[in-house]
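**Q** First the structure, which I've put down as structure tokens, then a few questions once you've had a look.
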Amino acid sequence: MLRLFYASGTSAMAPHILLQDAGLDFETEKVNLDRKTWRGGDYNQINPKSYVPALQISQSNYLTECAVILEYIAVKAMGDYRSPYGSPDYWQERIWLNYIATELHKNFISPFRSGNWLPNTADSKKLVWQRVAPRLQYVEDRLKGPWLMGDRFSMADPYLFVMTNWMRRLEFPFDHLPKLRTFDEQMRQRASVKEILRVEGKPHSVTDG
Ligand SMILES: N[C@@H](CCC(=O)N[C@@H](CS)C(=O)NCC(=O)O)C(=O)O
């Protein structure tokens, strides 16, 4: 059985949503990112990179890196989440996954983080917004709607939702990003997203102030 190591409200929410959406059998383990621990002890024994998500796919095999985990789930689901390998849409999905991972996700992580990866302080928010705003605008200008790839919900959508969820958490404005706002609202209507927001609850390590 697949086992997802996650912390609430983090990027691990993307594979959590996709696993739920696909109806796959999976278990979860909550990680304390401040202490780097989980129910079984030292989390660095699971992922020496010290971050979530990690997906256990067999007794001794753990996948890391959100984009890779999403694609693994998409392949496993045999559904519509991934276009046929090598097709133009397949490459476009890969481009989105990589863009979200490297240009958005990493730029959301505050340079002032210590324990908390997304502190909601004025200084931190200002710097993060400077970096993410133009990149979000790039997505806005190309978002086909209702989903990133158009009519088909793909493995990239839950990852983009983590970004719009973080926008809300940091109270970033959607004023110039109406398509992203609609995307975020539509994601919240999806049964799998509702369920995972409920299950995960309050975000990990909230030190707003
Ligand atoms: N390159 C990794 C980055 C994962 C990552 O940054 N995870 C954050 C949560 S969103 C984390 O666990 N941070 C803990 C830490 O940096 O101590 C991926 O794409 O999965």
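**Q** Which of the residues spanning region 81-106 are assigned to a loop (DSSP other than H, G, I, E, B) and either in contact with a Ser or Thr (Cβ under 8 Å, 6 or more places away or on another chain) or within 16 Å of the ligand (Cβ to nearest atom) (or both)?
**A** Start the filter on region 81-106 by keeping residues that are assigned to a loop (DSSP other than H, G, I, E, B), which leaves 81-87.
Answer for region 81-106, where residues must be assigned to a loop (DSSP other than H, G, I, E, B) and either in contact with a Ser or Thr (Cβ under 8 Å, 6 or more places away or on another chain) or within 16 Å of the ligand (Cβ to nearest atom) (or both): Tyr81, Arg82, Ser83.
**Q** Given the criteria crowded, with 19+ Cβ neighbours inside 10 Å, within 18 Å of the chain's Cα centre (by Cα) and farther than 22 Å from Ser154 by Cα, does Val52 qualify?
**A** Working: crowded, with 19+ Cβ neighbours inside 10 Å: yes; within 18 Å of the chain's Cα centre (by Cα): yes; farther than 22 Å from Ser154 by Cα: no.
Criteria not met by Val52.
**Q** State whether one or more residues within region 43-66 are touching a Lys or Arg at 6+ places or on another chain (Cβ under 7 Å) and away from the ligand (no atom under 16 Å from the Cβ).
**A** No, because not a single residue in region 43-66 is touching a Lys or Arg at 6+ places or on another chain (Cβ under 7 Å) and away from the ligand (no atom under 16 Å from the Cβ).
**Q** How about region 55-97: which of its residues are over 15 Å from the mean Cα position of the chain (by Cα) and among the β-branched types (Val, Ile, Thr)?
**A** Ile57, Val75, Ile95
**Q** So, in region 1-31, of the ones that are free of Cβ contacts under 8 Å to residues at least 60 places away in the same chain and farther than 22 Å from Ala74 by Cβ, which residue ends up farthest from the ligand (Cβ to nearest atom)?
**A** Top of the filtered list is Lys30.
**Q** Restricting attention to region 60-81, does a residue exist that is under 16 Å from Asp151 (Cβ atoms), buried (at least 19 other Cβ atoms within 10 Å of the Cβ) and touching a helix residue (DSSP H, G or I) at 6+ places or on another chain (Cβ under 6 Å)? Spell out the reasoning first.
**A** Narrowing region 60-81 to residues under 16 Å from Asp151 (Cβ atoms): 79-81.
Subset that is buried (at least 19 other Cβ atoms within 10 Å of the Cβ): 81.
Narrowing the set further to residues that are touching a helix residue (DSSP H, G or I) at 6+ places or on another chain (Cβ under 6 Å) leaves 81.
Yes - at least one qualifying residue is present in region 60-81.
**Q** Something else about it: Among Ser58, Ser50, which is the only one that is assigned to a loop (DSSP other than H, G, I, E, B) and modelled with pLDDT of 95 or more? Write out each step before concluding.
**A** Values: Ser50 fails: modelled with pLDDT of 95 or more.
Sole residue among the options that is assigned to a loop (DSSP other than H, G, I, E, B) and modelled with pLDDT of 95 or more: Ser58.
**Q** If we only count helices (runs of 4 or more DSSP H) wholly inside region 137-209, which ones have 1 or more residues that are over 16 Å from Trp96 (Cα atoms) and within 16 Å of the ligand (Cβ to nearest atom)? Outline the logic, then answer.
**A** Numbers: elements: 157-169, 178-189, 191-200.
Because the criterion is at least 1 residues that are over 16 Å from Trp96 (Cα atoms) and within 16 Å of the ligand (Cβ to nearest atom), the helices (runs of 4 or more DSSP H) in region 137-209 that meet it are 157-169, 191-200.
**Q** Now a separate question. In region 5-47, which residues are in contact with a His (Cβ under 8 Å, 6 or more places away or on another chain), outside any loop (DSSP other than H, G, I, E, B) and crowded, with 23+ Cβ neighbours inside 10 Å?
**A** Tyr6, the sole residue that qualifies.
The values are calculated or read from the model by the stated rules, or taken from the named source; none is laboratory data. Everything numeric in this text was worked out from a predicted model, so none of it was measured. FYI the Cβ positions are ideal-geometry reconstructions off the backbone, even for glycines, and counts take in every protein chain you see.
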